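The values are calculated or read from the model by the stated rules, or taken from the named source; none is laboratory data. As the structure is a computational prediction, the values presented were derived from the model and not from experiment. Here the Cβ positions follow ideal geometry from the backbone for every residue, glycine too, while neighbour counts run over all protein chains shown. Just the protein is used for accessible areas: all its heavy atoms, side chains included, with ligands, DNA and RNA removed. Shrake-Rupley method; radii C 1.70, N 1.55, O 1.52, S 1.80 Å.
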Amino acid sequence: MSRILTVRGGVPLTGRVQVRGAKNLVPKAMVAALLGNAPSTLRNVPEIKDVEVVTSLLQIHGITVVKDPVTGDLTMDPANAKTASSAEINTHAGDSRIPILLCGPLIHSIGHAFIPDLGGCKIGDRPIDYHLEVLRKFGAVVDKTGGGILISAPNGLKGTKISLPYPSVGATEQVLLSATRAEGITELSGAATEPEIVDLIAILQKMGAIISVQTDRTIRIEGVRELSGYVHTALPDRNEAASWASAALVTSGDIYVEGASQRDMMTFVNTFRKIGGGMDIHDDGIRFYRQGDLRPLVLETDVHPGFMTDWQQPLVVALTQAEGVSIVHETVYENRFGFTEALIRMGASIQLHRECLGSVPCRFGQRNFIHSAVISGPTPLTGATIDIPDLRGGFSHLIAALAAQGTSTVTGIDIISRGYEKFTDKLAGLGADFDVRDSAQALV
Ligand code: EPU
(Lines give C-alpha, C1' and ligand atoms only; values in the text may rest on other atoms or scores of the structure.)
Protein backbone atom coordinates (compact mmCIF):
# COMPACT_ATOMS: atom_id res chain seq x y z
CA MET A 1 0.00 0.00 0.00
CA SER A 2 1.62 3.29 -0.99
CA ARG A 3 1.52 6.28 1.31
CA ILE A 4 0.42 9.85 0.63
CA LEU A 5 1.69 12.89 2.49
CA THR A 6 -0.36 16.03 3.06
CA VAL A 7 2.01 18.87 3.92
CA ARG A 8 0.97 22.24 5.31
CA GLY A 9 3.94 24.43 4.47
CA GLY A 10 5.50 27.52 5.98
CA VAL A 11 6.87 26.02 9.22
CA PRO A 12 10.65 26.40 9.76
CA LEU A 13 12.23 22.99 10.49
CA THR A 14 14.11 23.19 13.78
CA GLY A 15 15.68 20.59 16.03
CA ARG A 16 18.00 17.59 15.74
CA VAL A 17 18.19 14.66 13.37
CA GLN A 18 20.65 11.79 13.39
CA VAL A 19 22.22 10.37 10.24
CA ARG A 20 23.56 6.83 10.36
CA GLY A 21 25.55 4.67 7.94
CA ALA A 22 25.68 5.84 4.32
CA LYS A 23 23.13 4.36 1.91
CA ASN A 24 25.84 4.37 -0.72
CA LEU A 25 28.22 2.29 1.43
CA VAL A 26 26.14 -0.03 3.63
CA PRO A 27 24.72 -2.29 0.86
CA LYS A 28 28.21 -2.71 -0.64
CA ALA A 29 29.70 -3.46 2.78
CA MET A 30 27.06 -6.17 3.17
CA VAL A 31 28.05 -7.62 -0.21
CA ALA A 32 31.74 -7.61 0.83
CA ALA A 33 30.84 -10.00 3.69
CA LEU A 34 30.35 -12.67 1.01
CA LEU A 35 34.08 -12.60 0.31
CA GLY A 36 35.06 -13.69 3.84
CA ASN A 37 35.74 -17.14 5.26
CA ALA A 38 34.11 -16.11 8.57
CA PRO A 39 31.17 -13.93 9.71
CA SER A 40 31.35 -10.12 9.40
CA THR A 41 29.63 -7.49 11.55
CA LEU A 42 28.54 -4.11 10.25
CA ARG A 43 27.63 -1.33 12.68
CA ASN A 44 25.71 1.93 12.24
CA VAL A 45 23.28 0.31 9.79
CA PRO A 46 20.27 2.52 8.94
CA GLU A 47 16.75 1.15 8.62
CA ILE A 48 16.26 1.87 4.92
CA LYS A 49 14.68 -0.08 2.09
CA ASP A 50 18.01 -0.70 0.32
CA VAL A 51 19.29 -2.60 3.39
CA GLU A 52 16.17 -4.79 3.37
CA VAL A 53 16.70 -5.58 -0.32
CA VAL A 54 20.34 -6.60 0.15
CA THR A 55 19.43 -8.64 3.23
CA SER A 56 16.94 -10.63 1.13
CA LEU A 57 19.40 -11.01 -1.74
CA LEU A 58 22.07 -12.36 0.62
CA GLN A 59 19.58 -14.68 2.33
CA ILE A 60 18.39 -16.29 -0.91
CA HIS A 61 22.07 -16.97 -1.65
CA GLY A 62 22.39 -18.90 1.62
CA ILE A 63 24.08 -16.16 3.68
CA THR A 64 22.76 -15.87 7.21
CA VAL A 65 21.99 -12.27 8.18
CA VAL A 66 21.27 -11.62 11.85
CA LYS A 67 20.19 -8.20 13.10
CA ASP A 68 20.99 -7.28 16.70
CA PRO A 69 17.60 -6.29 18.17
CA VAL A 70 19.12 -3.52 20.30
CA THR A 71 21.87 -1.95 18.17
CA GLY A 72 20.65 -2.93 14.71
CA ASP A 73 24.16 -4.23 13.89
CA LEU A 74 24.13 -6.84 11.14
CA THR A 75 26.14 -10.05 11.33
CA MET A 76 26.50 -11.91 8.04
CA ASP A 77 27.78 -15.46 7.78
CA PRO A 78 28.71 -16.60 4.25
CA ALA A 79 29.55 -20.22 5.23
CA ASN A 80 26.64 -21.74 3.29
CA ALA A 81 26.61 -19.60 0.14
CA LYS A 82 24.54 -21.22 -2.60
CA THR A 83 22.94 -20.56 -5.95
CA ALA A 84 19.64 -18.70 -6.02
CA SER A 85 17.15 -19.04 -8.85
CA SER A 86 16.76 -16.19 -11.30
CA ALA A 87 13.08 -15.99 -10.32
CA GLU A 88 14.04 -15.50 -6.64
CA ILE A 89 16.63 -12.87 -7.56
CA ASN A 90 14.11 -11.04 -9.74
CA THR A 91 11.57 -11.06 -6.94
CA HIS A 92 13.93 -9.77 -4.25
CA ALA A 93 16.02 -7.27 -6.25
CA GLY A 94 13.05 -4.94 -6.72
CA ASP A 95 14.30 -1.68 -8.20
CA SER A 96 17.78 -2.04 -6.74
CA ARG A 97 21.03 -1.96 -8.74
CA ILE A 98 22.86 -4.00 -6.09
CA PRO A 99 22.72 -7.37 -7.95
CA ILE A 100 25.39 -6.08 -10.34
CA LEU A 101 27.80 -5.71 -7.40
CA LEU A 102 27.16 -9.24 -6.16
CA CYS A 103 28.84 -10.63 -9.30
CA GLY A 104 32.51 -10.73 -8.22
CA PRO A 105 31.84 -12.11 -4.70
CA LEU A 106 29.33 -14.69 -6.00
CA ILE A 107 31.70 -15.87 -8.73
CA HIS A 108 34.43 -16.31 -6.08
CA SER A 109 32.13 -18.29 -3.79
CA ILE A 110 29.80 -20.25 -6.08
CA GLY A 111 31.23 -19.74 -9.58
CA HIS A 112 28.43 -17.71 -11.20
CA ALA A 113 25.98 -14.83 -10.74
CA PHE A 114 22.69 -13.70 -12.27
CA ILE A 115 21.77 -10.06 -12.83
CA PRO A 116 18.11 -9.26 -13.42
CA ASP A 117 17.07 -6.21 -15.48
CA LEU A 118 18.15 -3.43 -13.14
CA GLY A 119 16.33 -0.45 -11.70
CA GLY A 120 17.58 2.36 -9.50
CA CYS A 121 16.50 6.01 -9.53
CA LYS A 122 15.32 7.24 -12.94
CA ILE A 123 17.91 9.98 -13.34
CA GLY A 124 19.30 8.88 -16.69
CA ASP A 125 19.88 5.68 -18.61
CA ARG A 126 22.08 4.18 -15.86
CA PRO A 127 23.72 1.56 -18.09
CA ILE A 128 25.91 -1.29 -16.79
CA ASP A 129 28.36 -1.42 -19.71
CA TYR A 130 31.38 -0.48 -17.53
CA HIS A 131 30.49 -3.27 -15.08
CA LEU A 132 30.20 -5.93 -17.78
CA GLU A 133 33.44 -4.77 -19.42
CA VAL A 134 35.22 -4.93 -16.03
CA LEU A 135 33.94 -8.47 -15.41
CA ARG A 136 35.03 -9.59 -18.89
CA LYS A 137 38.52 -8.16 -18.21
CA PHE A 138 38.73 -10.40 -15.13
CA GLY A 139 37.95 -13.36 -17.40
CA ALA A 140 34.21 -13.69 -16.75
CA VAL A 141 31.84 -14.85 -19.47
CA VAL A 142 28.71 -12.74 -19.90
CA ASP A 143 25.61 -14.43 -21.37
CA LYS A 144 22.36 -12.59 -21.95
CA THR A 145 19.34 -14.74 -21.04
CA GLY A 146 15.63 -13.87 -21.05
CA GLY A 147 15.04 -11.55 -18.08
CA GLY A 148 18.67 -10.95 -17.21
CA ILE A 149 22.37 -11.71 -17.61
CA LEU A 150 24.24 -14.80 -16.46
CA ILE A 151 27.90 -14.27 -15.52
CA SER A 152 30.31 -17.14 -14.94
CA ALA A 153 34.06 -17.64 -14.79
CA PRO A 154 35.03 -21.23 -15.66
CA ASN A 155 38.70 -20.48 -14.92
CA GLY A 156 38.15 -18.12 -11.98
CA LEU A 157 38.76 -14.37 -11.97
CA LYS A 158 42.30 -13.19 -12.86
CA GLY A 159 43.92 -9.85 -11.98
CA THR A 160 44.11 -7.41 -14.87
CA LYS A 161 44.71 -3.81 -15.98
CA ILE A 162 41.56 -1.72 -16.28
CA SER A 163 41.07 1.87 -17.32
CA LEU A 164 37.58 3.32 -16.71
CA PRO A 165 36.28 5.79 -19.32
CA TYR A 166 34.64 7.76 -16.46
CA PRO A 167 35.28 7.53 -12.67
CA SER A 168 32.12 5.53 -12.02
CA VAL A 169 31.44 4.75 -8.36
CA GLY A 170 29.74 1.43 -9.10
CA ALA A 171 32.35 0.24 -11.60
CA THR A 172 35.16 1.08 -9.14
CA GLU A 173 33.35 -0.96 -6.49
CA GLN A 174 32.93 -3.76 -9.03
CA VAL A 175 36.70 -3.84 -9.52
CA LEU A 176 37.40 -3.80 -5.78
CA LEU A 177 34.92 -6.58 -4.98
CA SER A 178 36.20 -8.73 -7.86
CA ALA A 179 39.95 -8.09 -7.60
CA THR A 180 40.64 -8.69 -3.91
CA ARG A 181 40.35 -12.48 -4.30
CA ALA A 182 41.34 -12.67 -7.99
CA GLU A 183 44.58 -14.39 -8.93
CA GLY A 184 47.36 -11.82 -9.41
CA ILE A 185 47.53 -8.04 -9.50
CA THR A 186 44.84 -5.63 -10.69
CA GLU A 187 45.62 -2.04 -11.60
CA LEU A 188 42.64 0.26 -12.03
CA SER A 189 43.12 3.71 -13.53
CA GLY A 190 40.42 6.39 -13.74
CA ALA A 191 38.91 5.16 -10.45
CA ALA A 192 36.29 6.98 -8.38
CA THR A 193 37.56 7.94 -4.91
CA GLU A 194 34.36 8.90 -3.06
CA PRO A 195 34.56 8.56 0.75
CA GLU A 196 32.18 5.57 0.50
CA ILE A 197 34.72 3.85 -1.75
CA VAL A 198 37.54 4.60 0.68
CA ASP A 199 35.37 3.09 3.46
CA LEU A 200 34.78 -0.02 1.35
CA ILE A 201 38.55 -0.28 0.83
CA ALA A 202 39.00 0.02 4.62
CA ILE A 203 36.57 -2.89 5.09
CA LEU A 204 38.36 -5.05 2.50
CA GLN A 205 41.71 -4.22 4.08
CA LYS A 206 40.35 -5.33 7.49
CA MET A 207 39.45 -8.62 5.80
CA GLY A 208 43.05 -9.08 4.63
CA ALA A 209 43.03 -7.44 1.17
CA ILE A 210 46.08 -5.60 -0.13
CA ILE A 211 44.91 -2.38 -1.77
CA SER A 212 46.75 0.88 -2.39
CA VAL A 213 45.17 4.11 -3.61
CA GLN A 214 47.39 6.55 -5.49
CA THR A 215 46.74 10.27 -5.86
CA ASP A 216 46.15 9.99 -9.64
CA ARG A 217 42.94 7.90 -9.41
CA THR A 218 44.90 4.65 -9.69
CA ILE A 219 44.05 1.76 -7.35
CA ARG A 220 46.32 -1.29 -7.15
CA ILE A 221 45.03 -4.54 -5.70
CA GLU A 222 47.17 -7.61 -5.01
CA GLY A 223 44.82 -10.58 -5.06
CA VAL A 224 44.83 -12.92 -2.04
CA ARG A 225 43.48 -16.45 -1.84
CA GLU A 226 41.31 -15.97 1.25
CA LEU A 227 39.76 -13.11 3.21
CA SER A 228 38.51 -13.19 6.80
CA GLY A 229 35.39 -11.51 8.21
CA TYR A 230 35.33 -7.88 9.38
CA VAL A 231 33.89 -5.69 12.12
CA HIS A 232 33.25 -2.18 10.85
CA THR A 233 31.26 0.96 11.64
CA ALA A 234 29.84 2.40 8.42
CA LEU A 235 30.73 6.00 7.66
CA PRO A 236 27.82 8.43 8.11
CA ASP A 237 25.54 9.38 5.23
CA ARG A 238 26.87 12.69 3.90
CA ASN A 239 24.12 12.86 1.29
CA GLU A 240 21.38 12.66 3.90
CA ALA A 241 23.27 15.23 6.00
CA ALA A 242 23.45 17.62 3.02
CA SER A 243 19.74 17.08 2.38
CA TRP A 244 18.83 18.18 5.91
CA ALA A 245 21.21 21.15 5.56
CA SER A 246 19.31 22.25 2.46
CA ALA A 247 16.02 21.69 4.30
CA ALA A 248 17.20 24.16 6.97
CA LEU A 249 17.95 26.79 4.29
CA VAL A 250 14.73 26.27 2.35
CA THR A 251 12.40 26.42 5.37
CA SER A 252 14.37 29.18 7.18
CA GLY A 253 15.07 26.57 9.84
CA ASP A 254 17.87 25.45 12.13
CA ILE A 255 18.85 21.75 12.11
CA TYR A 256 21.60 20.01 14.07
CA VAL A 257 22.61 16.98 12.01
CA GLU A 258 24.15 14.50 14.43
CA GLY A 259 26.67 12.30 12.64
CA ALA A 260 27.37 14.79 9.81
CA SER A 261 31.10 14.57 9.17
CA GLN A 262 32.90 17.70 8.00
CA ARG A 263 35.77 15.68 6.54
CA ASP A 264 33.48 13.93 4.04
CA MET A 265 31.50 17.08 3.23
CA MET A 266 34.18 19.73 2.71
CA THR A 267 32.97 20.75 -0.74
CA PHE A 268 29.39 20.99 0.52
CA VAL A 269 30.51 23.05 3.53
CA ASN A 270 32.24 25.56 1.18
CA THR A 271 29.14 25.84 -0.99
CA PHE A 272 26.82 26.18 2.01
CA ARG A 273 28.98 29.06 3.24
CA LYS A 274 28.98 30.74 -0.20
CA ILE A 275 25.18 30.63 -0.44
CA GLY A 276 25.08 32.42 2.93
CA GLY A 277 24.00 29.56 5.21
CA GLY A 278 25.03 29.53 8.87
CA MET A 279 26.97 26.57 10.25
CA ASP A 280 28.54 25.40 13.51
CA ILE A 281 30.84 22.44 12.97
CA HIS A 282 31.31 20.05 15.90
CA ASP A 283 33.03 16.70 16.30
CA ASP A 284 29.71 14.82 16.54
CA GLY A 285 27.76 16.73 13.92
CA ILE A 286 27.03 20.02 12.19
CA ARG A 287 24.37 22.63 12.95
CA PHE A 288 23.00 24.14 9.69
CA TYR A 289 20.78 27.23 9.77
CA ARG A 290 19.41 30.08 7.70
CA GLN A 291 20.86 33.49 8.55
CA GLY A 292 19.29 36.19 6.40
CA ASP A 293 19.13 36.40 2.61
CA LEU A 294 20.62 33.65 0.46
CA ARG A 295 23.14 34.46 -2.29
CA PRO A 296 23.01 32.95 -5.80
CA LEU A 297 25.66 30.44 -6.91
CA VAL A 298 27.39 29.09 -9.98
CA LEU A 299 27.66 25.37 -9.35
CA GLU A 300 28.87 22.30 -11.25
CA THR A 301 28.40 18.76 -10.01
CA ASP A 302 31.36 16.42 -10.36
CA VAL A 303 32.89 13.24 -9.02
CA HIS A 304 34.59 13.44 -5.63
CA PRO A 305 36.17 15.75 -4.50
CA GLY A 306 33.78 17.89 -6.56
CA PHE A 307 30.24 18.89 -5.61
CA MET A 308 28.24 15.63 -5.39
CA THR A 309 25.38 15.14 -7.83
CA ASP A 310 23.27 13.87 -4.90
CA TRP A 311 23.59 17.27 -3.18
CA GLN A 312 22.39 19.15 -6.25
CA GLN A 313 18.64 18.52 -6.13
CA PRO A 314 17.91 19.67 -2.54
CA LEU A 315 20.24 22.66 -2.96
CA VAL A 316 18.41 23.77 -6.14
CA VAL A 317 15.31 24.27 -3.96
CA ALA A 318 17.36 26.60 -1.74
CA LEU A 319 18.61 28.45 -4.85
CA THR A 320 14.98 29.27 -5.77
CA GLN A 321 15.05 31.39 -2.60
CA ALA A 322 18.40 33.14 -3.28
CA GLU A 323 18.54 36.82 -4.38
CA GLY A 324 19.59 36.69 -8.04
CA VAL A 325 20.49 34.25 -10.79
CA SER A 326 22.14 30.87 -10.10
CA ILE A 327 23.56 28.48 -12.67
CA VAL A 328 23.85 24.73 -12.13
CA HIS A 329 25.68 22.41 -14.53
CA GLU A 330 25.03 18.68 -13.87
CA THR A 331 27.94 16.63 -15.24
CA VAL A 332 27.41 13.22 -13.59
CA TYR A 333 23.89 12.21 -14.75
CA GLU A 334 22.39 13.28 -18.06
CA ASN A 335 18.84 13.59 -16.72
CA ARG A 336 18.79 14.89 -13.16
CA PHE A 337 16.62 18.00 -13.59
CA GLY A 338 13.25 16.27 -14.13
CA PHE A 339 12.32 17.19 -10.57
CA THR A 340 12.32 20.93 -11.45
CA GLU A 341 8.99 20.53 -13.30
CA ALA A 342 7.17 20.35 -9.93
CA LEU A 343 9.19 23.26 -8.53
CA ILE A 344 8.20 25.41 -11.54
CA ARG A 345 4.54 24.52 -10.94
CA MET A 346 5.04 25.66 -7.33
CA GLY A 347 6.29 29.06 -8.52
CA ALA A 348 10.04 28.64 -9.04
CA SER A 349 11.69 30.34 -12.01
CA ILE A 350 13.97 27.72 -13.58
CA GLN A 351 15.07 27.48 -17.22
CA LEU A 352 16.66 24.27 -18.41
CA HIS A 353 19.34 24.10 -21.11
CA ARG A 354 21.03 21.50 -23.28
CA GLU A 355 24.28 23.49 -23.38
CA CYS A 356 27.06 23.01 -20.82
CA LEU A 357 26.76 26.14 -18.65
CA GLY A 358 30.14 25.57 -17.04
CA SER A 359 33.67 24.41 -17.66
CA VAL A 360 33.83 20.94 -16.05
CA PRO A 361 34.43 18.46 -18.90
CA CYS A 362 31.05 16.88 -19.53
CA ARG A 363 29.75 14.01 -21.65
CA PHE A 364 26.31 15.50 -22.23
CA GLY A 365 26.71 18.87 -24.01
CA GLN A 366 27.26 17.34 -27.45
CA ARG A 367 24.53 14.76 -26.94
CA ASN A 368 21.47 16.94 -26.62
CA PHE A 369 20.74 16.21 -22.95
CA ILE A 370 19.00 18.83 -20.81
CA HIS A 371 21.60 19.10 -18.07
CA SER A 372 22.06 22.79 -17.12
CA ALA A 373 19.68 25.00 -15.15
CA VAL A 374 19.34 28.76 -14.64
CA ILE A 375 17.43 29.60 -11.47
CA SER A 376 16.18 33.12 -10.70
CA GLY A 377 15.07 33.99 -7.22
CA PRO A 378 13.67 34.58 -4.82
CA THR A 379 10.23 33.33 -5.84
CA PRO A 380 7.54 32.39 -3.32
CA LEU A 381 6.52 28.72 -3.54
CA THR A 382 2.90 27.61 -3.28
CA GLY A 383 1.55 24.14 -2.42
CA ALA A 384 0.93 21.66 -5.23
CA THR A 385 0.12 18.04 -6.01
CA ILE A 386 3.38 16.22 -6.56
CA ASP A 387 4.30 12.66 -7.54
CA ILE A 388 7.82 11.83 -6.42
CA PRO A 389 10.12 10.79 -9.31
CA ASP A 390 13.33 9.63 -7.56
CA LEU A 391 15.08 9.61 -4.19
CA ARG A 392 16.82 13.01 -4.08
CA GLY A 393 14.28 14.69 -6.34
CA GLY A 394 11.62 13.39 -3.95
CA PHE A 395 13.33 14.82 -0.89
CA SER A 396 13.63 18.12 -2.77
CA HIS A 397 9.90 18.14 -3.46
CA LEU A 398 9.24 17.42 0.17
CA ILE A 399 11.29 20.38 1.42
CA ALA A 400 9.75 22.65 -1.24
CA ALA A 401 6.30 21.61 0.03
CA LEU A 402 7.41 22.24 3.63
CA ALA A 403 8.50 25.78 2.71
CA ALA A 404 5.53 26.57 0.44
CA GLN A 405 2.46 28.63 1.27
CA GLY A 406 -0.59 26.37 1.52
CA THR A 407 -1.08 22.64 1.32
CA SER A 408 0.69 20.08 -0.88
CA THR A 409 -0.27 16.50 -1.59
CA VAL A 410 2.75 14.29 -2.17
CA THR A 411 2.45 10.76 -3.59
CA GLY A 412 5.18 8.16 -4.17
CA ILE A 413 6.87 8.96 -0.84
CA ASP A 414 7.95 5.34 -0.32
CA ILE A 415 10.81 6.03 -2.75
CA ILE A 416 12.27 8.31 -0.06
CA SER A 417 12.42 5.37 2.38
CA ARG A 418 15.02 3.78 0.07
CA GLY A 419 17.64 6.20 1.38
CA TYR A 420 16.27 8.30 4.26
CA GLU A 421 15.85 6.45 7.54
CA LYS A 422 12.52 7.13 9.32
CA PHE A 423 12.14 10.41 7.46
CA THR A 424 8.56 11.04 8.56
CA ASP A 425 9.58 10.60 12.24
CA LYS A 426 12.47 12.99 11.65
CA LEU A 427 10.18 15.55 9.99
CA ALA A 428 7.74 15.30 12.89
CA GLY A 429 10.63 15.81 15.34
CA LEU A 430 11.62 18.97 13.45
CA GLY A 431 8.12 20.42 13.80
CA ALA A 432 6.85 19.85 10.24
CA ASP A 433 3.07 20.05 9.84
CA PHE A 434 1.89 17.01 7.84
CA ASP A 435 -0.23 13.85 7.83
CA VAL A 436 0.61 10.50 6.31
CA ARG A 437 -2.14 8.22 5.07
CA ASP A 438 -2.18 5.17 2.87
CA SER A 439 -3.81 5.28 -0.54
CA ALA A 440 -6.94 3.63 0.92
CA GLN A 441 -7.37 6.87 2.93
CA ALA A 442 -6.85 5.44 6.46
CA LEU A 443 -4.66 7.71 8.61
CA VAL A 444 -1.49 5.89 9.72
N1 EPU B 1 27.79 4.85 -16.10
C2 EPU B 1 27.87 4.27 -17.36
N3 EPU B 1 28.04 2.92 -17.44
C4 EPU B 1 28.14 2.13 -16.33
C5 EPU B 1 28.07 2.71 -15.05
C6 EPU B 1 27.89 4.10 -14.96
O7 EPU B 1 27.78 4.97 -18.37
O8 EPU B 1 28.29 0.90 -16.48
C9 EPU B 1 27.58 6.30 -15.99
C10 EPU B 1 26.23 6.62 -15.34
O11 EPU B 1 25.17 6.54 -16.26
C12 EPU B 1 26.47 8.01 -14.80
C13 EPU B 1 27.95 7.98 -14.41
O14 EPU B 1 28.52 6.88 -15.11
O15 EPU B 1 26.25 8.97 -15.81
C16 EPU B 1 28.23 7.83 -12.94
O17 EPU B 1 27.57 6.68 -12.44
P18 EPU B 1 28.17 5.84 -11.21
O19 EPU B 1 28.50 4.47 -11.69
O20 EPU B 1 29.24 6.65 -10.58
O21 EPU B 1 26.92 5.80 -10.25
P22 EPU B 1 26.36 4.55 -9.44
O23 EPU B 1 27.43 3.74 -8.87
O24 EPU B 1 25.29 3.89 -10.26
C25 EPU B 1 26.33 5.76 -7.12
C26 EPU B 1 25.28 6.12 -6.13
C27 EPU B 1 24.46 7.28 -6.66
C28 EPU B 1 25.39 8.45 -6.91
C29 EPU B 1 26.49 8.05 -7.88
C30 EPU B 1 27.51 9.14 -8.12
C31 EPU B 1 24.83 4.04 -5.07
C32 EPU B 1 23.89 2.91 -4.83
N33 EPU B 1 24.42 4.97 -5.91
O34 EPU B 1 25.62 5.34 -8.28
O35 EPU B 1 23.55 7.62 -5.65
O36 EPU B 1 24.66 9.53 -7.43
O37 EPU B 1 27.18 6.87 -7.38
O38 EPU B 1 28.14 9.50 -6.93
O39 EPU B 1 25.92 4.07 -4.51
C40 EPU B 1 21.59 8.50 -4.76
O41 EPU B 1 22.08 8.25 -3.65
O42 EPU B 1 20.51 9.15 -4.92
C43 EPU B 1 22.27 8.03 -5.95
C44 EPU B 1 21.72 8.03 -7.16
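Would you calculate a helix-derived [θ] at 222 nm for the chain, using -39,500 (n - 2.57) for each DSSP H run of n ≥ 4 and dividing by the full residue count, to the nearest 500? The partial results should precede the final answer.
Numbers: 13 runs with 127 residues, N = 444.
Theoretical 222 nm ellipticity from helices: -8500 deg cm²/dmol.
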At q = 0.10, 0.13, 0.14, 0.20 Å⁻¹, base-10 log of I(q)/I(0) for region 34-153 (Debye sum, equal scatterers on each alpha carbon): -0.31, -0.53, -0.61, -1.18
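Evaluate the charge dipole of region 23-167 about its Cα centre and quote only its size in Debye, nearest 20, assuming +1 on the Cβ of each Lys and Arg and -1 on the Cβ of each Asp and Glu. Don't jump to the answer; show the numbers that get you there.
Working: 14 positive and 13 negative charges, 86 e Å.
That gives region 23-167 a dipole magnitude of about 420 debye.
Which of rounded, prolate, oblate describes region 395-444, given a ≥ b ≥ c as roots of the alpha-carbon gyration tensor eigenvalues and a/c under 1.5 marking rounded, otherwise prolate only if a/b is larger than b/c? Please report the intermediate quantities before stating the final value.
Working: a/c = 1.33, a/b = 1.08, b/c = 1.24.
Judged from the Cα gyration tensor, region 395-444 comes out rounded (a/c under 1.5).
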Leaving ligands, DNA and RNA out of it, work out the accessible area of residue 114 with a 1.4 Å probe and give it in Å² to the nearest 10. 30 Å²
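From largest to smallest, what semi-axes in whole angstrom does region 292-444 give when each is the square root of 5 times an eigenvalue of its alpha carbon gyration tensor?
That gives 28, 17, 14 Å for the three semi-axes.
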Kirkwood calc, region 33-84, C-alpha pairs only, radius in angstrom 11.2 Å
Distance from a point 7 Å along Cα→Cβ of residue 214 to each backbone N in region 155-173: keep the residues under 17 Å and list them by number. 160-165, 167
Amide H to amide H, which residues 5 or more places from residue 183 or on other chains are under 5 Å from it, using H placed in the peptide plane? 157, 158, 159
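Return the carbon/sulfur percentage of the accessible area of the chain, one whole number, probe 1.4 Å, all protein chains in place. Each step should come with its number before you reach the end.
On the way: 8460 of 17040 Å².
The value for the chain is 50 percent carbon and sulfur by accessible area.
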Which listed residue (71, 112, 247) has the Cα farthest towards the positive end of the charge dipole for the chain, taking +1 on Lys and Arg C-beta and -1 on Asp and Glu C-beta about the Cα centre? 112
Can you bin region 252-326 into rounded, prolate or oblate? Criterion: square roots of the alpha carbon gyration tensor eigenvalues sorted a ≥ b ≥ c, rounded for a/c under 1.5, prolate for a/b above b/c, oblate for the rest. oblate
Read phi for every residue in region 196-212 and hand back ³J(HN,Hα) as whole Hz from Karplus 6.51 cos²θ - 1.76 cosθ + 1.60, θ = phi - 60°, with x for Gly and Pro. 5, 6, 5, 5, 5, 4, 4, 5, 5, 5, 4, 7, x, 6, 10, 9, 10
Overall Cα dimensions of region 311-353, principal axis frame, Å, largest first: 26, 19, 19
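Computed over the Cα atoms, what is the radius of gyration of the chain divided by 2.2 N^0.38 Å, N being its residue count? Each step should come with its number before you reach the end.
Details: Rg = 21.8 Å, N = 444, 2.2 N^0.38 = 22.3 Å.
Expressed relative to 2.2 N^0.38 Å, the Cα Rg reads 0.98.
Could you give the dipole magnitude of the chain about its Cα centre, charging the beta-carbon of Lys and Arg +1 and that of Asp and Glu -1, in debye to the nearest 20?
Details: 40 positive and 47 negative charges, 80 e Å.
Dipole size: approximately 380 debye.
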Below 8 Å, C-alpha to C-alpha, sequence gap of six or more: please give me the relative contact order for the chain in percent. 21 percent
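How much accessible area per residue does the chain have, in Å², with a 1.4 Å probe? Write down the numbers at each step before the final one.
On the way: 17040 Å² over 444 residues.
Roughly 38 Å² per residue, with all protein chains present.
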Cα-based Debye curve of region 208-290 sampled at q = 0.12, 0.24 Å⁻¹ gives log₁₀ I(q)/I(0) of -0.51, -1.07
Can you give the translational diffusion coefficient of region 99-222 in µm²/s, computed by Stokes-Einstein from the Kirkwood radius over Cα pairs at 10 °C and 1.306 mPa s? 109 µm²/s
Could you pull out every residue, at least 5 positions away or on a different chain, whose amide H is within less than 5 Å of the one on residue 405? Hs are placed 1.01 Å off N in the peptide plane, and Pro or chain starts have none. 381, 382, 383
GNM, the chain, Cα, under 10 Å: largest mean-square fluctuation among 53, 213, 26? 213
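Given axes a ≥ b ≥ c from the Cα gyration tensor, I'd like to know whether region 239-380 is rounded (a/c under 1.5), prolate (a/b larger than b/c) or oblate.
Details: a/c = 2.15, a/b = 1.37, b/c = 1.56.
In terms of gyration-tensor shape, oblate.
Mind checking the dipole of region 1-48: about its Cα centre, +1 per Lys or Arg Cβ, -1 per Asp or Glu Cβ, Debye to the nearest 20?
Values: 7 positive and 1 negative charges, 30 e Å.
Its charge dipole is roughly 140 debye.
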Counting DSSP beta bridges with both partners in the chain, what percentage is antiparallel, nearest 5? 75 percent
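Ignoring the sites themselves, what is the longest stretch of the chain with no GluC sites (Glu not before Pro) in a DSSP loop and at most 16 other beta-carbon atoms within 10 Å?
Details: sites that count: 47, 226, 323, 355.
With a cap of 16 other Cβ atoms within 10 Å, the longest stretch comes to 48-225.
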